Amino acid sequence: MIHTANGIKAIDESELPLKLPEVEHYEPTGTEEGPLANITDWVNTPEGKRETNTMPQRAGSSRYWLRYMDPKNSKNLVDPVKEKYR
């Protein structure tokens, strides 16, 4: 998927399978985005920005786990007390 000025569009079928960039190290971004977001020459295309979230929905996400602990909290993602529970 590519985020364009006019919305989100799928890449052309001729570009499939999309190959990930060859890099020496995939480094954390320090943000919510995954490591691919750091590879700007791959992310930025003439049409817009490639989607860098490769996980289906929230699979494997720590946010999912945190929300699971406190699903009815309307003020925070998770209560800090519940988050520290082991």
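For the range 35-50, a residue qualifies if it is open to solvent by less than 40 Å² (accessible area, probe 1.4 Å), of a type outside the set (Ser, Thr, Tyr) and either modelled with pLDDT under 85 or assigned to a loop (DSSP other than H, G, I, E, B) (or both), and the qualifying residues are ILE39, GLY48. The residues listed here are GLU27, GLU32, GLU22, GLU83; of these, the one that is modelled with pLDDT under 85, among the acidic types (Asp, Glu) and open to solvent by 100 Å² or more (accessible area, probe 1.4 Å) is GLU32. Need pairs with beta-carbon distance below 7 Å; first residue at positive phi and within the range 20-39, second at pLDDT below 80 and among the acidic types (Asp, Glu); sequence gap 6+ or separate chains. That search, which allows pairs on different chains as well, returns nothing.
The values are calculated or read from the model by the stated rules, or taken from the named source; none is laboratory data. This structure is a prediction, so every number in the text was calculated from the model and none was measured. Cβ atoms come from the backbone with ideal geometry, glycine included; neighbour counts cover every protein chain shown. We work out accessible area using only protein heavy atoms, side chains counted, and drop any ligands, DNA or RNA first. Shrake-Rupley method; radii C 1.70, N 1.55, O 1.52, S 1.80 Å.
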